[in-house]
Amino acid sequence: MPQTSREEREGPRTLAVRVWRGREEGGFREYRVPAQANQTVLDVVTWIQRELDPTLAYRFACRVGMCGSCAMTVNGRARWTCRTHVSRVAGPEGRLELRPLANLPVIRDLAADMTPFFDKWAKARGRFQPKDAPDGAVPEEFHVVPPASRQRREADAGIECIGCGVCYASCDVVSWNPDYLGPAALNRAWTLVNDVRDGAQAERLAAVAGDAGCHSCHSTQSCTEHCPKQLDPSAAIAGLKRRLFWDTLLGRRA
Amino acid sequence: MRAMTSVRGQVHLWVAQRVTAMLLAVAVTVHLVTIILAVRGGLTAADILGRLRGHEGWLAFYAVFALAAGLHGAIGLRNIAAEMLGWRGRGFDLAWLGIGLLTAAFGIRAAWGLYAA
Ligand code: SF4
Ligand code: SF4
Ligand code: FES
């Protein structure tokens, strides 16, 4: 009877982890990390930094999939590392290759510079602007938003974004066109376009239109495929396109 | 910085591409069905002229078809060139618009030739 090796039964004893060191220019350094049951990719990075190399730069905060700060490129694919189990991605040989998120400048090692990502979020007018109180004061009247209304459901579908940048790093159009606002910012804009309490609709629709906005999206759904929160930015962008199509055709745009 | 077509202009190009796509969906179908029906008894110049000469309906159809095809193709090439070659800006957009209208003009001239033949 063929013997199953210990590796096949329990997985590898050590992981071979190649980690990007440096900025845009740099190279991989390999570390050997003891494998453990229920180990996340973020655990591995933390172990390297604590036990092997305190100069390693990376970013995390919540470790439970809420803050969106720990995303990296893991074996070629953007992932949130605090919720990615090594056993799911390292294969039977226990190999990991870690790089900073793609489509963003590198600060150092595994820390990507999120500035362009959040700047575009602001450019897409991703901030709620109360209708009755543009100066930010508490409005006098409360809007009633029925939970079953179509707009409320559209907004709900995209509201749980944690701003991790995984979609942004997975989008080809971002890599081709540095001005493209990207899936997360457009998804956020779509939630606000569907917010009946918001007063900046015309400006927001203008901000997300055109070659830097929703009209450059190829609907390839790479963002939707990779989003760890199972959101569908691609559908949100299709919603923006539909809205702008009819508004333009029927002359509804100011 | 290179002068860009206004965002409004960009949206209009996109809307034009969608509308021409819808027109093409219909026009290509009509075109294919016509070809299949027309070649059943063999294809002769006299048949073609007999069908098209003096028929305003066919002239209008082919004019719309040619316009839609020219614009749709040019806008598509514009988008590909912008992404793959970095050809962006107002100058390129106007050039593509010119190419689209020129292509359409050739098609319309051919349709007119058959109508007036
Ligand atoms: S669907 Fe659009 S936004 Fe999403 S990855 Fe594809 S091109 Fe990018
Ligand atoms: S849409 Fe998903 S992948 Fe993109 S930033 Fe939000 S949570 Fe992350
Ligand atoms: S550390 Fe907060 S989402 Fe991973």
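Data table
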{"item": "Residue ID - farthest from the chain's Cα centre (by Cα), chosen from residues in the stretch A:145-194 that are more than 15 Å from A:Cys214 (Cα to Cα) and crowded, with 21+ Cβ neighbours inside 10 Å", "result": "A:Asn194"}
{"item": "Residue satisfying all of: in the stretch A:69-98; buried (at least 23 other Cβ atoms within 10 Å of the Cβ), part of a helix (DSSP H, G or I) and under 19 Å from the mean Cα position of the chain (by Cα); farthest from ligand 3 (Cβ to nearest atom) among these", "result": "A:Thr81"}
{"item": "Some residue of the stretch A:125-144 being touching a helix residue (DSSP H, G or I) at 6+ places or on another chain (Cβ under 6 Å) and either within 13 Å of ligand 2 (Cβ to nearest atom) or of a type in the set (D, E, K, R) (or both)", "result": "yes"}
{"item": "Residue check for A:Tyr31: among the aromatic types (Phe, Trp, Tyr) and more than 30 Å from A:Trp176 (Cα to Cα)", "result": "yes"}
{"item": "Residue within the stretch A:41-48 that is more than 16 Å from ligand 2 (Cβ to nearest atom), within 18 Å of A:Ile107 (Cβ to Cβ), aliphatic (A, V, I, L, M) and outside the structural domain of A:Tyr168 (by TED's automatic domain parsing) present", "result": "yes"}
{"item": "The stretch B:21-48: number of residues that are within 14 Å of chain A (Cβ to nearest Cβ) and not in a helix (DSSP H, G or I)", "result": "0"}
{"item": "Residue among B:Arg51, B:Arg8, B:Arg78, B:Arg18 that is more than 14 Å from every other protein chain (Cβ to nearest Cβ), assigned to a helix (DSSP H, G or I) and basic (Lys, Arg)", "result": "B:Arg51"}
{"item": "Qualifying residue in the stretch A:231-242 (condition: assigned to a helix (DSSP H, G or I) and either of a type in the set (Ser, Thr, Tyr) or within 16 Å of ligand 3 (Cβ to nearest atom) (or both))", "result": "yes"}
{"item": "Residue within the stretch A:243-254 that is free of Cβ contacts under 8 Å to residues at least 24 places away in the same chain, crowded, with 16+ Cβ neighbours inside 10 Å and within 10 Å of chain B (Cβ to nearest Cβ) present", "result": "yes"}
{"item": "Answer residue from the stretch A:179-214, given it is among the aliphatic types (A, V, I, L, M), in contact with a Cys (Cβ under 9 Å, 6 or more places away or on another chain) and part of a helix (DSSP H, G or I) and is nearest to ligand 3 (Cβ to nearest atom) among those", "result": "A:Ala184"}
{"item": "Of the criteria (1) free of Cβ contacts under 8 Å to residues at least 12 places away in the same chain; (2) under 21 Å from A:Ile162 (Cα atoms); (3) within 14 Å of another protein chain (Cβ to nearest Cβ), which one A:Gln230 fails", "result": "(3)"}
{"item": "Every residue from the stretch B:81-107 that is within 11 Å of chain A (Cβ to nearest Cβ), touching a residue at least 24 places away in the same chain (Cβ under 8 Å) and over 16 Å from B:Ala16 (Cβ atoms)", "result": "B:Arg88, B:Gly89"}
{"item": "Verdict on A:Arg197 being more than 25 Å from the chain's Cα centre (by Cα) and facing chain B (nearest Cβ under 9 Å)", "result": "no"}
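The values are calculated or read from the model by the stated rules, or taken from the named source; none is laboratory data. The model shown is predicted, which means the values in this text are computed figures rather than measured ones. All Cβ positions, glycine included, derive from the backbone under ideal geometry; neighbour counts span all protein chains shown.
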